Structure formats: C-alpha cells, structure tokens
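Inspection log for the structure reproduced underneath, given as structure tokens.
The values are calculated or read from the model by the stated rules, or taken from the named source; none is laboratory data. Bear in mind the structure is a predicted one, so any value in this text is a computation, not a measurement. Here the Cβ positions follow ideal geometry from the backbone for every residue, glycine too, while neighbour counts run over all protein chains shown. Ligands, DNA and RNA are excluded from the accessible area calculation, which covers all protein heavy atoms including side chains. Shrake-Rupley method; radii C 1.70, N 1.55, O 1.52, S 1.80 Å.
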Number of protein chains: 2
Amino acid sequence: MKRTKIKALLARTAPLENVLIKGWVRTRRDTKEFSFIEVNDGSCLASIQVIVDAGTPGAEFLPRISTGAAVAVTGEMVPSPGKGQAFEIRSRGLELVGTSQEAYPLQKKRHSDEFLRTIAHLRPRTNKYGAIMRIRSKTSHLIHRFFEEEGFFLIHTPIITGSDCEGAGEMFRITTVSGSTPASDDFFGQETNLTVSGQLSAEMMALALGDVYTFGPTFRAENSNTSRHAAEFWMLEPEMAFCDLTGNMDIAEALIKYVVQGVLESCAEDIALFANFVDKTLMKTLTSLRDDAYIRLSYADAVEILLKAKKPFDYPVSFGIDLQSEHERYLAEEHFKKPVFLYNYPKGIKPFYMRMNDDGETVAAMDLLVPRIGELIGGSQREEREDKLQERMQALNLPEADYWWYMDSRRFGSVPHSGFGLGFERLLMLLTGISNIRDVIAFPRTPGSIDF
Amino acid sequence: MKRTKIKALLARTAPLENVLIKGWVRTRRDTKEFSFIEVNDGSCLASIQVIVDAGTPGAEFLPRISTGAAVAVTGEMVPSPGKGQAFEIRSRGLELVGTSQEAYPLQKKRHSDEFLRTIAHLRPRTNKYGAIMRIRSKTSHLIHRFFEEEGFFLIHTPIITGSDCEGAGEMFRITTVSGSTPASDDFFGQETNLTVSGQLSAEMMALALGDVYTFGPTFRAENSNTSRHAAEFWMLEPEMAFCDLTGNMDIAEALIKYVVQGVLESCAEDIALFANFVDKTLMKTLTSLRDDAYIRLSYADAVEILLKAKKPFDYPVSFGIDLQSEHERYLAEEHFKKPVFLYNYPKGIKPFYMRMNDDGETVAAMDLLVPRIGELIGGSQREEREDKLQERMQALNLPEADYWWYMDSRRFGSVPHSGFGLGFERLLMLLTGISNIRDVIAFPRTPGSIDF
C-alpha cells in the first residue's frame with residue numbers, strides 16, 4: 001500500500017477507507033479504551049490524530065510510542081468529532097518504525113530559540129522551525145518562478161573568487177597550503193576568497209543573454225555578533241541589460257509583490273503561525289507589501305524628511321551620510337508606513353560601478369527600505385560609459401588591470417544595464433516576523449559557531 | 001515604446017506593424033541600397049535580420065555598427081523572402097547604443113574552445129556558449145520544478161563546514177587569519193572547510209520534513225587537470241525519509257526522464273545546435289534517456305558481465321574493485337546501450353553511512369551509469385540502525401563524538417531513508433554532448449585558473 005502524506009490527506013474533503021501514513025509522534029495520550037497519537041510528517045504544519053484501541057495489531061508497541069518516535073499507521077480516515085481537525089485516522093495497524101530514546105530534547109513544551117539553536121539538527125521537527133523551512137523552500141521556488149516567467153536566465157556565478165567586488169565586505173580566504181607558503185604556490189596560484197557578490201560576473205552574462213539572475217551563497221567574514229548578520233547567507237542578484245534605474249525598481253517591486261502574494265497563497269497555515277505567535281503585525285506588513293504602491297523618493301528628499309522628523313536619532317542626519325537602520329526604518333515604518341525606494345545616493349558612500357548622474361555628485365543607486373528590516377534590496381544602474389568608469393576607478397585607486405575583463409564589457413557593445421541584490425534571509429525575516437537571522441537558516445554560520 | 005525580445009518576436013505567426021528590438025550585432029553586410037544587420041539579444045539562439053536603407057534615421061551610424069556593437073532598432077516586422085527565417089525587420093529608426101572597439105575578439109569565424117575559455121566573460125555572446133547557458137538555466141528550473149511537484153522542500157545546506165562528510169574528497173580550508181595562528185583563534189574557533197556534500201545535513205532535514213533536496217555549489221581541492229573535474233561545481237542532493245533503495249532509484253529515474261523531456265521541449269533550438277555540431281549521437285542518447293526503462297543490476301552481476309566481456313580493459317575486473325569509467329561506460333554504452341543502475345556494492349569501497357545488507361558484505365548503494373559520462377548519480381539507502389552505524393564507524397576509525405548530531409538522528413525516531421547526489425555539470429555534459437566540464441560552467445575554477 002502506498003503511503004499518503006498528511007498534507008494530501010488534510011486537503012481532502014471526503015473520508016478514505018484505507019490510508020497508510022508515516023511520520024513522527026508529537027504526543028500520545030491514553031484513555032482507558034483508546035490511545036490518541038498525534039502524527040506529523042513534515043509535509044505541513046498540521047498533525048493528524050490517530051486512534052488506537054487495545055485490539056489493534058501493533059497496539060503492543062504503544063508504551064514505546066513516545067514523543068519523537070517514528071510510526072507507520074494504516075487505517076480509515078474518518079470525520080473527527082474533535083475540534084480543530086476535519087479528519088482523524090482509526091487505526092487498523094500500527095508499526096513502530098523507530099523508537100525515540102528518553103533523552104529526546106523536544107518534549108511537548110515551549111523551548112527557547114536560544115536552546116533550539118543548540119540542536120539545529122532537531123529543531124525543524126518543531127512547529128515553528130518546520131514552518132520557516134517550508135516557507136524558505138516556497139520562497140525560493142517563487143523567486144525562481146518569477147524570473148523564469150519574466151524571461152530571465154539563471155546563472156551560477158563563482159563562489160571562489162580572485163576579485164573582491166569593490167570591498168563589499170570582509171572576505172574569507174581559501175587555501176590548500178599551510179603556514180607561510182606563498183599564495184603563488186596555492187591551489188589557484190594566487191590569493192583567493194569566498195565571494196561577497198556575484199554582480200560583476202552577472203553583468204558579463206547580462207551583456208550576452210539579456211536578463212539574468214544569480215541566486216546562491218555569499219559570505220562576510222565580519223566578526224559581528226548581531227541578530228542581522230551571518231557569515232554565510234544567500235543572495236539573489238538579478239542583472240538586466242537595456243534597463244535603467246526606473247526599470248530596476250519596477251522589477252524589484254514586482255518581485256516582492258509576487259513573492260508575498262505567493263507565500264500568502266501557498267503557505268497560509270505556516271504564515272498564520274507566525275502571525276499568531278511571533279509578530280502580531282505580520283499580516284498588515286505583508287498586505288502592505290503586496291498591495292501598496294511603493295514610495296519612490298530621492299536620497300536628498302529623504303534627508304529633508306529626516307531632518308524635519310520629530311524623532312531623536314542616535315546618528316545625526318546630513319546630506320552625504322550613509323543612512324543608518326534607524327533612519328531607514330523611520331522612513332518605512334513611521335513616515336510612509338509602507339515600502340520606500342530611495343534613489344540617487346551621494347557618490348561618496350557608493351561603490352565605483354554605479355552610474356554617475358549628470359549632477360556629478362550623486363549616482364543612480366536605489367535601496368528598498370521596508371518596515372522592521374530596513375534595507376531589503378540595494379541596487380543601481382551600472383556605469384556603462386568606459387571613460388566615466390575609468391575616472392571613478394582612478395579616484396578610488398582601483399587598479400584597472402585587475403578589472404580587465406570588466407572593462408572589456410564597456411568596450412564591446414556596452415549598454416545601459418541595472419541590477420540589485422536582495423538578502424534572502426532578510427526577506428525571510430520580513431515574511432515571518434522572525435527577528436534573528438540564525439532562525440531562518442537551517443545551520444547558521446556566525447563567529448565561533450560551526451556546529452552541524 | 002516597449003522593447004520586445006527576439007524570442008517573443010520569432011514565436012509569432014503574424015507580422016507586426018511596430019516593433020522595438022535591442023541587442024548586439026552579429027554581422028553587418030552592405031549592398032548598394034541596403035545594409036543587412038543580424039541582431040541577437042541572447043533571449044534565444046536565433047538572430048533577427050534588420051534591413052536599413054540610406055534614408056533611415058540613424059543610417060549615419062552604419063559604418064560604426066560593427067560586430068559586437070549594441071543597437072536599438074524600430075521598424076516593421078515583415079515576412080522575410082530570405083531562407084531560414086520567417087521574419088525580418090524593415091528599420092524605420094536605428095540607434096547605436098554602444099560601439100564595439102576594433103579589438104573585439106569575437107569576429108565572425110570559428111573560435112576554439114580553448115581560446116574562448118580565455119575570454120569567458122565574452123563567450124556567452126557566441127551561439128554555442130549562449131546555448132549552453134540557456135540550457136543550464138532551463139535544466140536548473142526543471143530540477144526545481146520536478147522536486148516542487150513531487151512535494152520536496154528545497155533546503156540550503158552549509159557551504160562552510162567543520163565536518164568532512166567521510167572524506168568524499170580533498171577539501172579547501174577557509175580562514176581569516178594568517179601564517180601559523182592556531183585554528184582555535186580563527187573565525188569559527190576551529191578548522192573549517194568548503195563543503196564536499198550537503199548529505200549529512202540534508203538527512204537531518206529529511207528526518208523532520210520528509211522529502212528534501214539541496215542544490216548548491218560543492219568543492220574538491222583535487223589537483224587534477226582533467227576534462228571532467230572542476231574545483232567548484234554544483235550538486236543536487238535529494239534525501240527522502242521512509243524511502244528504500246528501490247524508491248531511491250525510482251526518483252532518480254523519474255527525475256532524469258523529466259529533465260530530458262523538459263529540455264527537449266523547451267530548448268529544442270539550442271539542443272539542435274549541439275546535435276548538429278557537437279555530438280551527432282546526441283538525439284539518440286537523449287531519446288533513450290527519456291524513453292527507455294533503465295536497467296537495474298547488482299554490482300555482482302555487473303562484474304560477471306565485465307569478466308565475460310570481449311573488451312580489453314586497462315584496469316582488471318574482480319569483485320571488490322571500484323569500477324573505473326571504462327567499465328561503467330562499457331556497461332551503459334556497449335553492453336546495455338542504455339542507462340544502468342548498479343546496486344549493492346561491496347562495503348569496502350563505499351562510505352560509512354550506507355546501509356549494510358543482510359549479507360554483511362555489500363551495502364545498499366546505487367550508481368546510475370549513462371553513456372559517454374559514466375557515473376551520473378551516486379546514492380544509497382542510509383544506515384538508519386544506530387548499532388550498525390556505530391559498528392561501521394568503529395571499523396573505519398571515525399570518532400563518534402565528531403558526529404554526535406548525526407548519531408542523534410538514529411536515536412530519536414530513526415527511519416529508513418535514502419538519497420543521492422547528481423553532479424549538475426555532468427548532467428549538462430550529458431544533455432549537450434560537451435566533453436569538457438570547463439565549457440558548461442560560466443566561470444570555471446580549476447587548478448591555477450581563477451580569472452574573472
């Protein structure tokens with residue numbers, strides 16, 4: 001007999017004569033006549049209740065069917081008289097597939113997020129962490145589907161890199177030699193690092209294929225123990241040929257709306273868990289992300305608003321500063337109460353590859369600011385003019401020879417093009433209300449933390 | 001006016017009064033009255049022909065519209081009198097978006113794969129490399145779609161790891177310190193490496209969520225300069241709870257058939273390029289992969305066949321050897337002439353986590369062998385019994401303490417489970433007939449090679 005997943009069972013509207021389920025026991029409760037077993041198989045948040053009486057074949061296993069044990073159950077799926085469940089299974093046969101030893105740490109009670117991080121290999125068996133992993137999966141799938149529907153090609157940009165994408169952050173070094181062996185004797189014949197961004201490679205592909213995106217792991221060796229930083233995280237980076245800054249914002253806005261709508265549709269049960277128990281404002285945030293037109297505002301105008309704000313900021317505001325999270329959140333959460341694109345940032349706080357505006361002072365950058373998270377997306381129109389790019393590189397003391405292939409793209413059929421980066425874990429935090437990045441990653445990597 | 005991609009234009013059956021296209025010039029040919037420009041925008045293999053006469057606004061740019069230049073063209077799409085193209089564009093306006101300097105290396109002629117590797121940033125602008133990149137994208141999307149439809153969750157297993165998945169290969173070390181600083185002072189407080197497999201982590205997730213897969217970059221620091229090895233490549237690793245070796249082979253076979261069918265459907269034009277110019281047997285191979293039932297054969301029976309083979313092998317065959325590529329290819333290419341699963345391998349040549357068979361000599365491993373490539377997939381049913389797993393680890397001198405979390409999964413609701421790994425680049429080589437792994441990766445990493 002073929003096993004049916006619980007998600008498929010619970011999607012039914014009619015009972016079923018014969019079913020086989022397999023999963024893990026969440027709880028067992030015994031009365032004089034019956035045992036009630038909650039079985040979850042990870043396919044969805046909900047468990048299904050199994051009723052076993054003393055005469056059921058396999059009932060002799062009941063004493064060992066404890067929380068965490070794995071079981072296989074055959075029986076009839078019937079309407080449940082109980083509350084909160086449409087169906088239950090009256091068992092005709094019970095099999096103990098795998099016992100759960102007494103030390104099982106996930107007994108039926110609330111566990112702190114901190115404790116659950118120490119058993120990251122078991123925490124996806126809880127409601128909350130099962131839910132975030134399912135949402136993470138669906139969000140990935142929605143991102144791929146959005147870009148495929150929009151005619152983008154998925155590319156895989158290198159993880160090991162010899163370039164540093166303009167010092168976007170501290171890098172991890174990669175080596176196969178030890179001690180003081182010179183880099184010229186190392187595997188690649190030079191110093192190599194873990195990528196901080198696939199953008200420069202993605203630009204090369206966009207200038208051949210049109211619209212592309214890369215979606216993969218990126219790394220920062222920053223020794224900061226905050227709730228928003230991980231050493232390893234996933235980043236989405238689309239890059240579009242023949243696209244200006246407005247087109248860039250259009251794609252970013254359409255993407256977020258598509259993903260939010262898709263998650264609300266496909267993960268309703270899991271999202272409800274977060275809306276009920278993690279962030280009471282979650283549904284409002286998600287509805288706004290899906291339905292509101294996002295504000296588009298120049299950096300200069302944002303500075304004006306911040307200067308007029310009645311709110312005391314820790315960091316003083318003036319034209320030219322790199323906005324802090326408190327400023328970004330003020331704009332999105334308090335002033336506009338919806339997502340805000342800021343654009344045309346001062347050149348001094350942005351990297352060399354962003355397109356210089358005609359004012360000579362600002363570049364065609366854009367950030368998307370959202371409630372609770374601050375910056376979700378950072379992007380720009382790229383400088384496609386060879387001479388302007390050289391000027392900026394010289395001003396920043398970047399050796400052109402290191403970027404010979406990047407410069408080539410400005411010599412041979414250069415076109416206006418744009419792209420952005422979206423921190424995937426930040427998006428997941430936005431979608432769930434989870435406030436620590438460690439809790440949206442299966443096995444997070446942070447300073448000193450490499451278990452599992 | 002909104003730009004239309006060439007792929008969308010060529011999919012039409014009717015002419016169009018007004019179009020705007022943007023792309024790169026492949027060739028320009030002048031007659032007394034007209035110039036003919038082939039424009040490609042990367043959206044598909046085919047270019048579209050643009051006809052410009054001297055009176056067209058922008059015609060003054062014609063002398064600078066050389067191979068590689070970027071153009072924008074408005075005009076009318078009309079049926080083409082020429083051969084091999086249904087439509088062409090009679091231009092009403094021509095814009096030179098970006099010139100192509102004289103040194104442009106991709107002039108209209110055949111370039112060797114070796115040369116094109118030195119300009120990996122430009123090669124996707126050629127027919128062949130554009131095609132492989134589009135096929136790579138589509139294949140990725142098909143893999144995601146297959147697993148989503150089958151109810152699998154996509155997980156992201158860590159790239160930076162403190163464990164080594166039983167020495168699946170030489171590893172790259174990751175560090176933020178230099179010289180002789182002890183690993184305890186390093187970023188993670190211990191030695192860390194780039195992952196060689198996400199399997200052990202994936203097992204943890206499968207034992208919570210049911211069916212999962214991880215699809216991401218993996219690494220081997222092997223200093224071997226062959227056409228089949230890269231230091232960085234993508235690997236697909238599904239892992240299924242409540243699944244035995246037969247179920248494992250079923251999923252693997254269904255996946256390959258789904259992907260081949262999808263690529264044949266969606267990438268017909270790009271595949272035809274490879275079938276015509278790279279591998280004349282390609283269509284036969286792909287049809288067999290899609291339509292034939294795959295052979296399933298025990299390792300022992302395979303050894304019998306090899307011993308009886310009339311073919312002289314470089315490596316002698318006997319029960320217990322790790323089959324070489326020549327043996328694998330003989331089975332798939334010559335003996336059966338179709339894909340072959342081998343299963344139940346001798347324990348001595350397989351890692352600790354594979355499930356011991358009742359004979360005590362073989363383990364529940366399976367490899368999928370395919371023509372031209374040899375091993376495409378390697379997988380197994382995992383050892384779910386705590387005592388048997390401990391026995392194997394002791395026999396192999398693996399310290400159980402290093403695997404405490406992995407062992408936990410055998411203590412708390414352990415269930416039969418299975419999974420496999422598929423080398424994504426090998427799949428792409430199979431799908432295209434390309435014989436060097438460097439040519440299916442945008443920016444390949446091999447010993448001494450880290451440009452771009």
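Please state the relative contact order of segment A:328-434 as a whole percent: Cα pairs under 8 Å, 6+ residues apart?
24
For segment B:113-272, what is the charge dipole size about the Cα centre, in debye to the nearest 20, if Lys and Arg each add +1 at the Cβ and Asp and Glu each add -1 at the Cβ? The partial results should precede the final answer.
Details: 12 positive and 23 negative charges, 185 e Å.
So the dipole magnitude of segment B:113-272 works out to roughly 880 debye.
Could you pull out every residue, at least 5 positions away or on a different chain, whose amide H is within less than 5 Å of the one on A:Gly421? Hs are placed 1.01 Å off N in the peptide plane, and Pro or chain starts have none.
Close amide H contacts, sequence-distant or interchain: A:Gly378, A:Gly379.
Could you give the accessible area per residue of segment B:1-98, probe 1.4 Å, as a whole number in Å²? Spell out each step's value before the answer.
Values: 4660 Å² over 98 residues.
Using a 1.4 Å probe on heavy atoms only, each residue of segment B:1-98 averages 48 Å².
Chains B and A: what accessible area do they bury, summed, in square angstrom to the nearest 100, with a 1.4 Å probe? Walk me through the numbers before you get to the answer.
On the way: alone 21700 and 21720 Å², together 34880 Å².
Using a 1.4 Å probe on protein heavy atoms, the buried area is about 8500 Å².
Determine the shielding of peptide A:196-205 by partner chains: average, over its residues, the number of Cβ atoms on other chains within 10 angstrom of each Cβ.
Details: counts 0, 0, 2, 0, 2, 5, 1, 1, 9, 9.
Taking all residues of A:196-205 together, the mean is 3.
So what is the relative contact order of chain B, in percent, for Cα pairs below 8 Å that sit 6 or more residues apart? Before the final figure, lay out each step's value.
Working: 841 pairs, mean separation 58.6, N = 452.
Worked out over chain B, it gives 13 percent.
Can you give the convex hull volume per residue for the Cα atoms of the protein assembly as shown, as a whole number of Å³? Present the calculation step by step, with values, prior to reporting the outcome.
Details: hull volume 171.0 nm³, N = 904.
Output value, Cα hull per residue: 189 Å³.
In square nanometres, what is the average projected area of the Cα convex hull of segment A:316-452? Intermediate results must be reported in sequence, preceding the final value.
Working: hull surface 45.9 nm².
Result: 11.5 nm².
Are there trypsin sites (Lys or Arg not before Pro) in segment A:81-155 that DSSP puts in a loop and that have at most 16 other Cβ atoms within 10 Å, and which ones? If you can, show how the numbers build up before the last one.
Values: sites: A:Lys83, A:Arg90, A:Arg92, A:Lys108, A:Lys109, A:Arg110, A:Arg117, A:Arg125, A:Lys128, A:Arg134, A:Arg136, A:Lys138, A:Arg145; in loops: A:Lys83, A:Lys108, A:Lys109, A:Arg110.
Answer in residue order: A:Lys83, A:Lys108, A:Lys109, A:Arg110.
For segment B:6-98, what % of the accessible area comes from carbon and sulfur atoms, probe 1.4 Å? Each step should come with its number before you reach the end.
Working: 2230 of 4220 Å².
Carbon-and-sulfur percentage of accessible area, whole number: 53.
Pop out the ³J(HN,Hα) list for segment A:233-247 in order, Karplus 6.51 cos²θ - 1.76 cosθ + 1.60 with θ = phi - 60°, rounded to Hz; leave Gly and Pro as x.
The phi angles translate into 8, 9, 10, 9, 9, x, 9, 10, 6, 6, 9, 9, 5, 5, x Hz.
For segment B:212-279, what value does the Rg/Rh ratio take when both radii are computed over Cα atoms and Rh is the Kirkwood radius, given to two decimals? Can you show the working numbers first?
Details: Rg = 16.2 Å, Rh = 15.1 Å.
When Rh is taken as the Kirkwood radius, the ratio is 1.07.
Using a 7 Å offset from Cα along the direction of the beta-carbon, what are the separations from B:Tyr315 to the same position in each other copy, nm, ascending?
Its label point is 5.7 nm from the equivalent points in the other copies.
Is there a simple number for the mean count of other chain Cβ atoms within 10 Å of the Cβ of residues in B:76-89, and what is it? Write out the running numbers ahead of the final one.
Working: counts 0, 0, 0, 0, 0, 0, 0, 0, 0, 0, 0, 0, 0, 0.
What the average comes to for B:76-89 is 0.
Provide a list, ordered by number, of residues in segment B:141-158 showing at least 30 Å² less accessible area with every protein chain present than when their chain is taken on its own, using a 1.4 Å probe.
Buried on complex formation: B:His141, B:His144, B:Glu148, B:Phe153, B:Leu154, B:His156, B:Pro158.
Once the other residues with Cβ under 9 Å from the Cβ of B:Ala332 are scored (Lys, Arg +1; Asp, Glu -1), what is the net sum? Write out the running numbers ahead of the final one.
Numbers: positive: B:Arg329, B:Lys337, B:Lys338, B:Arg372; negative: B:Glu328, B:Glu333, B:Glu334.
In short, +1.
Ignoring ligands, DNA and RNA, what percent of the 1.4 Å accessible area of segment A:123-439 is carbon and sulfur? Don't skip to the end; give the middle numbers.
Working: 5100 of 10940 Å².
That share works out to 47 percent.
Taking chain A as the reference, fit the longest principal axis to its C-alpha atoms, fit the long axis of helix A:386-395 to the helix C-alpha atoms, and give the angle between the two in degrees, 0 to 90, nearest 10.
On a 0 to 90 degree scale, this one is about 90.
Which distances, in nm and shortest first, link the B:Ser184 label point to the same label point in every other copy, taking 7 Å along Cα→Cβ?
Spacings between copies for this position, smallest first, are 3.6 nm.
Suppose every K and R has +1 on its Cβ and every D and E has -1 on its Cβ; what is the size of the dipole of chain B about the Cα centre, in Debye to the nearest 20?
Working: 52 positive and 61 negative charges, 511 e Å.
Dipole of chain B, to the nearest 20 debye: 2460 debye.
For segment B:6-98, what is the relative contact order in percent, using Cα pairs closer than 8 Å and at least 6 residues apart in sequence?
On the way: 212 pairs, mean separation 29.5, N = 93.
Relative CO of segment B:6-98 lands at 32 percent.
Taking each pair of different alpha-carbon atoms in chain A once, compute 1/r for the pair, average those values, and report the inverse of that mean as the Kirkwood hydrodynamic radius in Å to one decimal.
Working: mean 1/r = 0.0401 Å⁻¹.
Averaging 1/r across every pair of different Cα atoms and inverting gives 24.9 Å.
Solvent-accessible area per residue for segment B:157-241 at a 1.4 Å probe radius, Å²? Intermediate values should be presented prior to the final figure.
Details: 2420 Å² over 85 residues.
Averaged over the residues of segment B:157-241, the accessible area is 28 Å².
Mind checking segment A:262-370 for trypsin sites (Lys or Arg not before Pro) that DSSP puts in a loop (not H, G, I, E or B) and that have at most 15 other Cβ atoms within 10 Å?
Working: sites: A:Lys280, A:Lys284, A:Arg290, A:Arg296, A:Lys308, A:Lys310, A:Arg329, A:Lys337, A:Lys347, A:Arg355; in loops: A:Lys280, A:Lys310, A:Lys337, A:Arg355.
Of the trypsin sites (Lys or Arg not before Pro), the ones in loops of segment A:262-370 whose Cβ has at most 15 other Cβ atoms within 10 Å are A:Lys280, A:Lys310, A:Lys337.
In terms of modelled amide H atoms, which long-range or inter-chain residues lie less than 5 Å from the amide H of A:Glu88?
Answer set, sorted by chain and number: A:Val78, A:Ser80.
Treating the angle as unsigned and between 0 and 90°, give the value, to the nearest 10°, between the Cα long axis of helix B:299-308 and the longest Cα principal axis of chain B.
Here the helix axis deviates by roughly 70 degrees.
Under 5 Å between amide H atoms, partner at least 5 residues away or on a different chain: which partners does B:Phe187 have, H built in plane at 1.01 Å?
Amide H neighbours of B:Phe187: B:Thr176, B:Val177.
List the distances, in nm to one decimal, from the label point of A:Arg64 to the label points of the same position in every other copy, shortest first, placing each label point 7 Å from Cα along the Cα-to-Cβ direction.
Values, ascending and in nm: 8.2.
Mind jotting down the three principal axis lengths of segment B:6-98 based on Cα atoms? Whole angstrom, largest first.
Principal axes ranked by extent give 32, 25, 23 Å for the Cα atoms.
Quick one: Karplus J couplings for segment A:331-345, per residue in order, coefficients 6.51, -1.76, 1.60, θ = phi - 60°, nearest Hz, x for Gly and Pro?
4, 7, 8, 9, 6, 9, 6, 6, x, 10, 8, 9, 9, 6, 7
Just to be sure I understand the interface: list residues from segment B:1-46 that lose 30 Å² or more of accessible area between the chain on its own and the complete protein assembly, 1.4 Å probe.
B:Arg3, B:Lys5, B:Lys22, B:Trp24, B:Gly42
Picking from B:Ala208, B:Asn223, B:Ala241, whose Cα lies most toward the positive end of the charge dipole for segment B:162-252 (charges on Cβ: Lys, Arg +1; Asp, Glu -1)?
B:Asn223
Output wanted: per-residue J couplings in Hz (rounded whole) for segment B:281-297, from phi through Karplus 6.51 cos²θ - 1.76 cosθ + 1.60, θ = phi - 60°, x for Gly and Pro.
My calculation for segment B:281-297 gives 8, 4, 5, 5, 4, 5, 4, 5, 4, 7, 9, 6, 6, 6, 5, 10, 9 Hz in order.
Which is the longest part of chain A that has none of the GluC sites (Glu not before Pro) sitting in a DSSP loop with at most 11 other Cβ atoms within 10 Å?
Numbers: sites that count: A:Glu33, A:Glu102.
Value returned for the longest uninterrupted segment is A:103-452.
Taking the Cα centre of segment B:71-207 as origin, work out the dipole magnitude from +1 charges on Lys and Arg Cβ and -1 charges on Asp and Glu Cβ, in debye rounded to 20.
Dipole size: approximately 1300 debye.
Given the rule -39500 (n - 2.57) for each run of at least 4 DSSP H residues, summed and divided by the residues of chain A, what is its mean residue ellipticity at 222 nm, to the nearest 500 deg cm²/dmol?
Values: 12 runs with 125 residues, N = 452.
Theoretical 222 nm ellipticity from helices: -8000 deg cm²/dmol.
Rg to Rh ratio, segment B:103-234, alpha-carbon atoms and Kirkwood radius?
Values: Rg = 19.5 Å, Rh = 18.2 Å.
Radius of gyration relative to Kirkwood radius: 1.07.
Using a 1.4 angstrom probe, figure out how much accessible area segment A:372-452 has per residue, in square angstrom, rounded to the nearest whole.
Numbers: 2270 Å² over 81 residues.
Here the per-residue accessible area is 28 Å².
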